[in-house]
Amino acid sequence: MRGSLLLRLLGGLCLLASVVGCGGAPTYTVQPGDSLPDIALAHEVALTDLIEANQARYPALAVDPENPQVGIELTIPTDGDVGIEKWFARLAAASSPPVTPAPNVPAAPNDKINAISQLIQRGINHERALNNLPTLTFDGKLVEIAQARSNDMIRRAYFSHDDPQQGSVAFQDLIRNRQYQYLYAGENIAEIKNQGTLVPSALTVYSRYGASEIADQFVVGWINSREHRDNILNPHFTKTGIALGVSIDGTRIVATQIFSD
C-alpha cells in the first residue's frame, strides 16, 4: 500500500526599525560549468562546509555559489578540517537514518538531508536570478535557526509560524534570543508527509523519493504560492539559511528557509 502525500506551505515576514582546510587536505580546481553545489555533491561534502573551508580566500563563493571562478583551487574539507563538534555530528548522522517507530524525533542530518537543503538553495537562487535579483548568501547562523525551527516542528508535531505553547512567532523568538542583527527577516516553511498510518518503510516520503524530487516539491510549492514567492523575491533580503527536519520513521519532512537583510 502506498501512502498518499500531502504538501503544506506557510510563509511569514517580519520587519524591525571559520573553519579552513589543513595543508594536506585534498583540493579541486574549478572547471568551466562547475557550481559549488555540484562540486560538494561530487566530493560528498556539505555545501556549507565547502564554502567555510574556502571563504577566507574566495569571499565571492558565499555570494554566488553557482558561478565560482574557473581555475581557482578549492580545499575539499575532510573530517579533520571541520572541528570536533561537526565530527561528532557526522558520526551521529551516519548512525541514525530515518527508521521506525518514533516519528516525532528528528533524524540527524545526513548526506541526503544535506543534499536536499543544497538543492533547495540552488532552486531559490535560480528563481531570484531569473528576476534580476542577486543570489542569497549562505549564513551559518540563519541555518542554525532554520534547523532549530524544523526540528522543533518535528519534535512537537505541529506546523505553524507560531509557537503552539507561547503563541509568539517562533522564528522571531529564535532570532532575538540569538541576538541576530537585522532590519528585515522572513520565513518560509513547508512540509511533505504521508497521510494515513502504517506506511511501509520503503514507501515513506523520505525513502521513496530522491533528493532532487524532494527539493523540487519544496521549491516549486513555494514559488507557486504568492506569499512565499514574495519572500523569495524580496529585494531587501540578502542572506538565507535552509534546513530540514525529518521524522525518524521517514513519513514527514519539514523544510524551513529563513531570510534576512
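General observations
- If you check I242, I258 for being in contact with a strand residue (DSSP E or B) (Cβ under 6 Å, 6 or more places away or on another chain), open to solvent by less than 10 Å² (accessible area, probe 1.4 Å) and of a type in the set (A, V, I, L, M), only one passes: I258.
- Q179 vs. criteria surrounded by fewer than 14 Cβ atoms within 10 Å (Cβ to Cβ), at pLDDT 85 or above and either not in a loop (DSSP other than H, G, I, E, B) or not charged (D, E, K, R) (or both): yes
- Any hit, segment 10-29, residues being part of a helix (DSSP H, G or I) and either at pLDDT 60 or above or out of contact with any strand residue (DSSP E or B) (no Cβ under 7 Å at 6 or more places or on another chain) (or both): no
- Candidate set: segment 220-239, residues that are surrounded by fewer than 24 Cβ atoms within 10 Å (Cβ to Cβ) and β-branched (V, I, T); chosen: the one nearest to I175 (Cα to Cα): T238
- Given (1) within 18 Å of the chain's Cα centre (by Cα); (2) in a loop (DSSP other than H, G, I, E, B), number of the condition L244 does not satisfy: (2)
- Of the residues making up segment 35-77, those that are under 23 Å from S212 (Cα atoms), of a type in the set (G, A, S), open to solvent by 10 Å² or more (accessible area, probe 1.4 Å) and in a loop (DSSP other than H, G, I, E, B) number 1.
- Of everything in segment 182-204 that is of a type in the set (S, T, Y) and closer than 20 Å to A148 by Cα, the residue that is surrounded by the most Cβ atoms within 10 Å (Cβ to Cβ) is Y182.
- Filter result (over 27 Å from R226 (Cα atoms) and assigned to a helix (DSSP H, G or I)) within segment 152-175: R155
- E227 meets all of the listed conditions (1) modelled with pLDDT of 90 or more; (2) over 15 Å from Q118 (Cα atoms) but one, namely (1).
- P134 being assigned to a loop (DSSP other than H, G, I, E, B) and modelled with pLDDT under 90: no
The values are calculated or read from the model by the stated rules, or taken from the named source; none is laboratory data. Being a predicted model, the structure only gives us computed values, none of them experimental. Heads up, the Cβs are rebuilt from the backbone with ideal geometry, glycines too, and the neighbour counts pull from every protein chain shown. Areas reflect the complete protein model, heavy atoms only, side chains present, ligands, DNA and RNA absent. Shrake-Rupley method; radii C 1.70, N 1.55, O 1.52, S 1.80 Å.
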